[in-house]
Amino acid sequence: MKKIGFILFLVSASMQWGGAAHPADDLFKQAQVAKTAGKLDDSLHLYEEAISAHPEFANRWFDAQMSIATIIAKKGDFAGAAKAAHLCLDGAPSLLSFDQAVALTANILSAQDGKIDRANQFINFQLTGPTGGQVNPMDAVGYPSQPERETAFAAMRQQAGDDAAASRLRAMTYLFTGKPKDALAQFAEAFRRTASGKDITSPAGVDLVCIGLRAIQGNRLGLDRALQFVSFGPNGPDGKSGTADDLADPFAPLLSAIPAAGEGGSAGLDAQSLATLRQIRDAAQLYAGDARMSPDIRGASLSALQRATSALDGWGAPGQKDWYLRRAMGLDDAAPDDHTTGLLYGAEFASRGRNNHFGEIRAMWAEMDTICAAKGITPPKAAETIRPQFDKMCASLEDFPFPKTTPVLLKSPATFR
């Protein structure tokens, strides 16, 4: 399977340099030297290379793109700079970096016009959104034409792989070529591949909202409400439909129909790879569910089952959650306790399924409480670790620290001399 393992290469590539400078670091240094020396075209080329040739450095593409927009403005091409800044707005990897992109964009618009009206219209859109008929001037600005970057990114997407990191990389390639809706779909896929308490260090839910959703709406208003949706789902904190705390789905109007479960998502796996993964999944489930197998075989099978199901983008199939949960609770066979951890993680993945929220995982834990009470049994010991992990992850979404910075209206046009 040609796709599997590419992200492992990216991870190792980002680590193997140790204390030595990474090649992309050298490109940034060379680009800055060229910029200081007034060799602006050379600097642009080097920053572009840092983006187009280094998928393992995707979190620094924003820095390179900000420099590109600034240099184009220094060359006096403010129309081109505005288009380049549009990519900065979309691709900002955090809300603080988005605020930096907002400031740069407003300055470029004012420099292009020689007055502040359009720049302040843009800032007002950041403050109020479309309320009161406000429109985002950047919608009319559009994006730059980048055929060479498009070609490089198409190759990255083809080679990226079939895990959450691959989906995120594909999302970033779409953001930095002016395709925020395609990017949101990739962030949603990354979320489907990682949405479990096992991944409390993963920012998949935050990326989905604070990068993906923010890029489409063009401002960071209402993102706190969207994070609440990711944490609780449509039924809100009380878990009940039709009550006052129900939450609207912010993604439904923006996402097209997702690929069918078990078809590999957008990883582009060929027919043979899909067939092989399905064989691995089915065999792993057979061995993992057979109490006659040795503990070592069952443990390895559970790991293979989770990996193959994630690669197939196949969580949420009918009966999947019950298969995991019943075995974790010892209702079908007495699964060894050291494998209950893997079963409970699988139950979380399966419960969440194709949803862009954790509401069904909350319902799964509540279901386990109900079964235990009805049967007079205690929850599996592994739940003492896994459930708090999940609660911690949800709390991090509910209490996400939004920057307090507020964009300030310009009083005079900016200059880039």
Next on the checklist: For the condition out of contact with any Gly (no Cβ under 8 Å at 6 or more places or on another chain), part of a helix (DSSP H, G or I) and modelled with pLDDT under 95, what is the one hit in Leu44, Leu27?
Outcome noted: Leu27
Next on the checklist: Among the residues of the stretch 122-140, are any in a helix (DSSP H, G or I), under 21 Å from the mean Cα position of the chain (by Cα) and small (Gly, Ala, Ser)?
Outcome noted: no
Next on the checklist: Ser202 - would you say it is modelled with pLDDT under 95, within 24 Å of Pro388 (Cα to Cα), polar (S, T, N, Q) and touching an Asp or Glu at 6+ places or on another chain (Cβ under 8 Å)?
Outcome noted: no
Checklist entry - Can you pull out the residues in the stretch 24-45 that are under 31 Å from the mean Cα position of the chain (by Cα) and hydroxyl-bearing (Ser, Thr, Tyr)? => result Ser43
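To keep it simple, each residue is scored yes or no on (1) assigned to a loop (DSSP other than H, G, I, E, B); (2) free of Cβ contacts under 8 Å to residues at least 60 places away in the same chain; (3) hydroxyl-bearing (Ser, Thr, Tyr).
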position: Phe251; (1), (2), (3): yes, no, no
position: Ile258; (1), (2), (3): yes, no, no
position: Leu286; (1), (2), (3): no, yes, no
position: Ala291; (1), (2), (3): yes, yes, no
position: Gln306; (1), (2), (3): no, yes, no
position: Ser310; (1), (2), (3): no, no, yes
Item to check | Members of the stretch 141-164 that are of a type in the set (A, V, I, L, M), farther than 19 Å from Ala215 by Cα and part of a helix (DSSP H, G or I) | outcome: Ala152, Ala154, Ala155, Met156, Ala164
Item to check | All positions within the stretch 217-239 that are hydrophobic (A, V, I, L, M, F, W, C) and either crowded, with 22+ Cβ neighbours inside 10 Å or out of contact with any helix residue (DSSP H, G or I) (no Cβ under 7 Å at 6 or more places or on another chain) (or both) | outcome: Leu221, Ala226, Leu227, Phe229, Val230, Phe232
Checklist entry - Would you say Pro259 is closer than 15 Å to Leu397 by Cα and surrounded by fewer than 17 Cβ atoms within 10 Å (Cβ to Cβ)? => result no
Item to check | Qualifying positions in the stretch 156-185 - farther than 14 Å from Ala58 by Cβ and among the basic types (Lys, Arg) | outcome: Lys179, Lys181
Checklist entry - When you look at Gly129, is it in contact with a helix residue (DSSP H, G or I) (Cβ under 9 Å, 6 or more places away or on another chain), of a type outside the set (S, T, N, Q) and either assigned by TED's automatic domain parsing to the domain that holds Pro203 or at pLDDT below 95 (or both), yes or no? => result yes
Checklist entry - Quick check: is even one residue across the stretch 65-85 surrounded by fewer than 23 Cβ atoms within 10 Å (Cβ to Cβ), under 29 Å from the mean Cα position of the chain (by Cα) and under 19 Å from Phe153 (Cα atoms)? => result yes
Next on the checklist: Filter the stretch 33-45 down to the residues that are more than 8 Å from Ser67 (Cβ to Cβ) and not acidic (Asp, Glu) and list them by number.
Outcome noted: Val33, Ala34, Thr36, Ala37, Gly38, Lys39, Leu40, Leu44, His45
Checklist outcome for this item: Of the conditions (1) surrounded by 11 or more Cβ atoms within 10 Å (Cβ to Cβ); (2) modelled with pLDDT of 95 or more, the single one that Ser412 does not satisfy is (1)
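The values are calculated or read from the model by the stated rules, or taken from the named source; none is laboratory data. Since we're looking at a predicted model, the values are computed, not measured. When we count neighbours, we look across all protein chains shown, and the Cβ atoms used for this are built from the backbone with ideal geometry, even at glycine.
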